[in-house]
Amino acid sequence: MKPVYIIADNIITSLGFTTAENVASMKNNVTGLKPVDIASLYPSPVILSRIDKEAMESRFLMVLQKYKKSSPLTFYTRLEKLFLISIADVLSKTEIIPADSRTLLVISTTKGNVDLLEERYKAVFNHRRLFLWELGRLVSEFFGFRNTPIIVSNACISGLVAITTAARFIHSGYFDHAVIAGGDIVSEFVISGFQSFQALSPLPCKPFDLNRNGLSLGEGCGAMALTSKPTGINSVPVRFAGGAITNDANHISGPSRTGEELSLAINRALTQAYLSPDEIGYISAHGTATPFNDEMESMAIGLSHLSPVPVNSFKGYWGHTLGAAGVIESVAAIHSLRTGDLFSTAGYEQPGVSVPLNVLKHHETRSIQSCLKTASGFGGCNAAVVYQKL
Amino acid sequence: MELIVTSYCHIHEKKVVINDRLVFYNENILNFADFIKSVYKQEEINYPKFYKMDSLSKLGFLAAEMVLKEKPVTGYDSDAVGVVLSNSSSSLDTDIIHNDAIKDRTNYFPSPSVFVYTLPNIVIGEICIKNKIKGENAFLVSEVFDGKLLVNYVGGLFLRFGLEACLCGWVELLGNKYESLITLVEKADITSRESATGFKSLPFTIKDLNQLIEHN
């Protein structure tokens, strides 16, 4: 089985347009979650992490210039701009050639350009842009990827499914390199839907906290380059060591009552990585801050004998970024793996789940060799991925 | 490792074909809602949750039920069975319904029972709940049916990740245009090659999948 290394990455959220900008903000305890009162976005104020449009467009102009594209800014949707900025940043840090027949592009998104259903966009964008494969094609053609991109849309675990899928295809020898990109924007579509579930917290979300009261939405995009041929690695080498997906088979919008199925995904990822629970130095949990999700995760972590392991959630910094979450939170976790800098769980104050966890309340420095990233989502899906420092 | 399709269901243009047998056809049914309800009643599937599902889930759920009625997976451990589905329109059909509920601020009625279906993998969740399937699952989107993607993805799960059976296929729906092909993939050496109804299995190959979707 061919090994798979992570050689470049990017995070775009309200905290910045690169991994470095995002981790610098988190180090300074900056959170992107703020009350937003924009009538065209949602009828009442709501806590969101939103990417600044002007800053995004100035970054995007640089990408258009670099790739010598003559299309105007207005040709691209908000989400397409984020994907293009994110992938351009990753490609600039690697020698991976998109036109190489051995290079794969995998796109993760839950809702794609769903905002184009709004009346105001109907005359501006062709309705084809609503299809996720059209988003994939636009992104792929921009950079000249030769292979048709794989598009994953699997609720909140989409990002981890995309990474796992790319790694498996490299393991199997179908490809040598892959670029994975995950993204979703915050639109009225998504806000109104989560609000109808009464899933949105009236205050910035508080993962794993006793007083947690729902999630906060954020927009984000991230990218990662994987390769089986790690030439030109200029940072600490990290490999994709294992990944697994399971289903609760319990409820379409509520998590498992026992956490057994997420625990099963964790155990399978550990087995693939040839690691025992005590060799995991850190867990980047899903930690949406809904009462049921965090409770289920604590049970799963306990069942997998990982409850003493330092665990955090990034949702208090940039909200729940849906199809981006698995990608950007993996990137942040890998940063922690490389540097030893573990981030606090913004919003967390006091224990609030039935299985005691070692929730990171403050930033900590620890030397760790391996970490676990988990996610769960609607449809009863769970995913777990293990990253390992070499 | 030899993988075979031991049961399949193809639903397309007012027709339902199960394992080479045409089991339903009614040219007088004009819309999807009437069509799928008629199939549900004819097949005598008693599952009240069916009526709460959106159209995409009804289509995929019913196709999966008919596949499993011919060839159950109850003999496997629940976590050794997977579901890998794909389509072209994701959940756009239900996205439009949710969007219609929020486009008028004076008549704003977003509903959680609609919103939950604005994710294409919910159909996988419905199939898993009914059949207690807990193994590998994924929903992939491609412009047209991509047999190569499915064969490579699912083949890898059998080869490296302990999968023993997998529902695999295509569940596409937008308005009154729909097509579903769900296959049950198993290992040739641990299952019988012929079903109780006389269906002789097919090889799980790109060519065979393409033929099922084109020629039924």
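Tabulated data
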| item | result |
| --- | --- |
| Most to least accessible of B:Glu2, B:Glu44, A:Glu141, A:Glu188 (protein chains only, probe 1.4 Å) | B:Glu44, A:Glu141, B:Glu2, A:Glu188 |
| Accessible solvent surface per residue of the protein assembly as shown, calculated while the other protein chains remain in place, 1.4 angstrom probe, Å² | 36 Å² |
| Per-residue SASA entry for A:Arg137, accessible area with 1.4 Å probe, Å² rounded to 10 | 70 Å² |
| Kirkwood-Stokes translational diffusion coefficient of region A:135-268, alpha-carbon pairs, 20 °C, 1.002 mPa s, µm²/s | 120 µm²/s |
| Nearest-0.05 FRET efficiency for A:Phe292 and A:His127, computed from C-beta distance (R0 35 Å) | 0.45 |
| Estimated dipole of region B:144-200 in Debye, rounded to 20 [Cβ of Lys and Arg +1, of Asp and Glu -1, Cα centre] | 100 debye |
| Charge dipole of the protein assembly as shown about the Cα centre (unit charges at C-beta), most positive-ward option of A:Val385, A:Asn154, A:Leu306 | A:Val385 |
| Separation of alpha-carbon centers, region A:312-390 and region B:45-71, rounded to whole Å | 37 Å |
| Nearby aspartates and glutamates by direct alpha-carbon distance to B:Lys148 (threshold 14 angstrom, same-chain neighbours under 8 apart not counted) | B:Asp208 |
| Calculated SAXS-style log₁₀ I(q)/I(0) at q = 0.25, 0.27, 0.29 Å⁻¹ - region A:259-310, Debye, Cα scatterers | -0.98, -1.11, -1.23 |
| Debye-sum result for the protein assembly as shown in log10 I(q)/I(0), which assumes one identical scatterer on each alpha carbon, at q = 0.13 Å⁻¹ | -1.42 |
| Sulfur and carbon atoms: percent of accessible area, region A:5-227 [1.4 Å] | 54 percent |
| Average silhouette area of region A:5-227, convex hull of alpha-carbon atoms, in square nanometres | 12.9 nm² |
| Mean projection area, nm², convex hull over Cα of region B:3-215 | 11.9 nm² |
| Cα-based convex hull, region B:63-157, per residue volume (Å³, whole number) | 110 Å³ |
| Computed P(r) (all Cα pairs; region A:238-389; 5 Å bins; percent) | 2, 11, 22, 25, 23, 13, 4, 1 |
| Cα convex hull of region A:210-279, projected area averaged across orientations, nm² | 8.4 nm² |
| Chain A, dipole about Cα centre (Lys/Arg Cβ +1, Asp/Glu Cβ -1), debye to the nearest 20 | 860 debye |
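The values are calculated or read from the model by the stated rules, or taken from the named source; none is laboratory data. Just so it is clear, the structure is predicted and the values come from calculations on it, not from any experiment. For neighbour counting, all protein chains shown are included, and Cβ atoms are generated from backbone atoms with ideal geometry for every residue, glycine included. Accessible surface is based on the protein model in full, side chains and every heavy atom, while ligands, DNA and RNA are left aside. Shrake-Rupley method; radii C 1.70, N 1.55, O 1.52, S 1.80 Å.
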